[in-house]
Amino acid sequence: MRRGVVAEFESADALARAQAALRREGYERIDIWMPYPAADLLATGRESMVPWIMLGGGLAGGALGYLVQWWINVDTLLIDVGGRPYHSAPAFIPITFESAVLASSLAGFVAMLWVCGLPRLHHPVFEVDGFESASVDRFWLGVDERDPRFDESVARELMALGALRRSHDAHVSRAAAPVRAGRMSNGSDPGGA
């Protein structure tokens with residue numbers, strides 16, 4: 001969530017009621033922040049793609065491991081070891097399994113960083129007054145402005161649902177953009193030429 005409306009709630013129950021009410025009204029892009037995980041609130045989220053990405057990575061890694069062994073033993077280095085056939089599938093199983101596990105874990109690690117939006121050292125919601133209480137004892141709910149149902153009435157709805165306070169338009173101000181060398185923010189030349 002880059003821009004939208006955030007609201008603070010006193011308890012997890014109040015947050016759950018507000019989230020359920022917003023979902024009933026058709027809001028889809030809802031974020032929650034809380035000091036501890038609550039299973040009933042987390043169960044309402046979208047299913048993660050990380051397990052599917054890990055499955056694809058594991059299958060690709062296993063296939064690549066098997067292919068490399070086949071290529072080396074059957075096509076490139078024809079070495080007769082103990083009268084075994086060159087393409088000995090049982091001998092390829094350990095490396096194939098290890099390649100699948102390695103590729104799956106690497107794909108899962110990268111996918112988890114991507115899904116979580118990391119590494120992000122700053123998020124616009126950190127500028128909301130009092131938001132630091134989300135890691136201590138308060139519960140916050142945000143509605144993204146990209147939600148199809150988003151309009152200015154969502155702030156009033158959140159207050160009606162029991163929010164302690166709300167913040168309009170939680171975002172990083174674009175007015176504080178850096179000035180490029182040789183040009184002022186209005187496009188004029190600082191030297192007057």
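Computed from the coordinates by the stated procedures, all read-outs in this text should not be read as laboratory data. Every value quoted in this text rests on a predicted model; they were computed, and no experiment measured them. Cβ sites come from the backbone with ideal geometry, for glycine too, and all protein chains shown count toward neighbours.
The table below gives the values:
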item	result
Efficiency of FRET from Cβ geometry, Glu10 and His122, R₀ 25 Å, rounded to 0.05	0.40
Spin-label pair Ala60/Arg17, simplified geometry with 7 Å Cα→Cβ offset, distance in nm	4.8
Relative frequency of Cα-Cα separations exceeding 17 Å in the range 26-101, percent	64
Kirkwood hydrodynamic radius of the range 57-130, Cα pairs, Å	15.2
Principal axes of the range 47-87: Cα extent on each, largest first, Å	51, 17, 8
Full-extension gain in nm, Ala39 to Glu98, via 0.36 nm per residue minus C-alpha separation	17.8 nm
Proximal charge balance of Phe131 [Cβ under 11 Å; K/R count +1, D/E count -1]	-2
Ser105 versus Ala160: modelled label distance in nm, points set 7 Å from Cα along the beta carbon direction	5.3
